[in-house]
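Have a look at the structure below, then the notes.
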Amino acid sequence: MSNAREDTDERTDRERTDRDTSNSLITTEVQTDAAVNKGPAPTAVAAHNLNVYYGDEQAINDVSMEIPEKRVTALIGPSGCGKSTFLRCINRMNDMIDVCRVEGDVTFGGKNVYDDDVDPVALRRKIGMVFQKPNPFPKSIRDNVAYGLEIQGYSGDIDARVEEALKGAALWEEVNDQLDSSGLDLSGGQQQRLCIARAIAPDPEVILMDEPTSALIIVTHNMQQAARISDRTAVFLTGGELVEYDDTTTIFEDPEHDRVEDYITGKFG
């Protein structure tokens, strides 16, 4: 009898969960830190009336948003909608593109990163980035991860930080006996995890990730991934327009705009 009762209770709980998640526009569980850490968080990065142009072509159209610290914020939208351009504004990677012109403000810790007295190199030490395509250095696995620590003059135990970062990127168990081997000899997925380890090793204040798991076999659907891991979600659509920005549960369960619902449910994009 006890086993039958337990089976019935388990089935009831499962049915209750199915009912609770039936209103979501995609099938996913939203488990985020915001559910635990309720209340507003201080702003880490903010954009104010941001416009970005590549020559005469506008890539970002008058975007304003505040990104909270100690939270995961996802940017979603179809290809070419300006997500990567927006990310690259935050740590001024767009400076390297001659035809790129940025108007408006992007603040980090309350300071406009485009002020004349801001050193872009120093800025990038505080704002790390992981790109869509793996880009390990032609160095050993150990030296790849230690690179940022060494150029910043870290005086602690570098090898311990390397191990910690590799564990954080779920790579340590696969490479701990070959740290002197070239990072270029790793598989594509391993190289991407190496790049993630390299980014987190110096413990930056902000990490920008431009589709960082596209090379990892764990990915199923990027939309589901955004819903599962993020606290806030910004939806960019064509023309570099920020259409909606809210808590992730709101975006995926009850978006304000029809275009956002159409995108999330796969009607376009």
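Counting only lysines at least 8 places from K70 when in the same chain, those with an alpha carbon closer than 17 Å to its own are K38, K126. Averaging 1/r over every pair of different alpha carbons in the range 41-133 and inverting the result gives a Kirkwood radius of 13.8 Å. From the alpha carbon centroid of the range 178-210 to that of the range 92-158 is 14 Å.
Each peptide in 258-264, 72-78, 143-149 receives the mean, over its residues, of other Cβ atoms within 10 Å, and ordering these scores from highest gives 143-149, 72-78, 258-264. When the Cα positions of A197, V145, S187 are compared along the charge dipole of the range 133-209, S187 comes out farthest toward the positive end, with charges on each C-beta of Lys, Arg, Asp and Glu.
With a threshold of 25 Å on the Cα-Cα distance, the over-threshold entries among K83/K139; K83/K111; K111/K139; K111/K167; K111/K133 are K83/K139; K111/K139; K111/K167; K111/K133.
For D117 paired with D262, estimate the spin-label separation in nm (one decimal), with each label point 7 Å from Cα along the Cα-to-Cβ line. Modelled inter-label distance: 4.8 nm.
Around the amide H of A44, modelled in the peptide plane, lie the amide H atoms of I67, E69, all under 5 Å away and 5 or more residues distant in sequence or on another chain.
Each value in this text was obtained by applying a stated rule to the coordinates, not by laboratory testing. Note that this is a predicted model, so its numbers are computed, not measured. All Cβ positions, glycine included, derive from the backbone under ideal geometry; neighbour counts span all protein chains shown.
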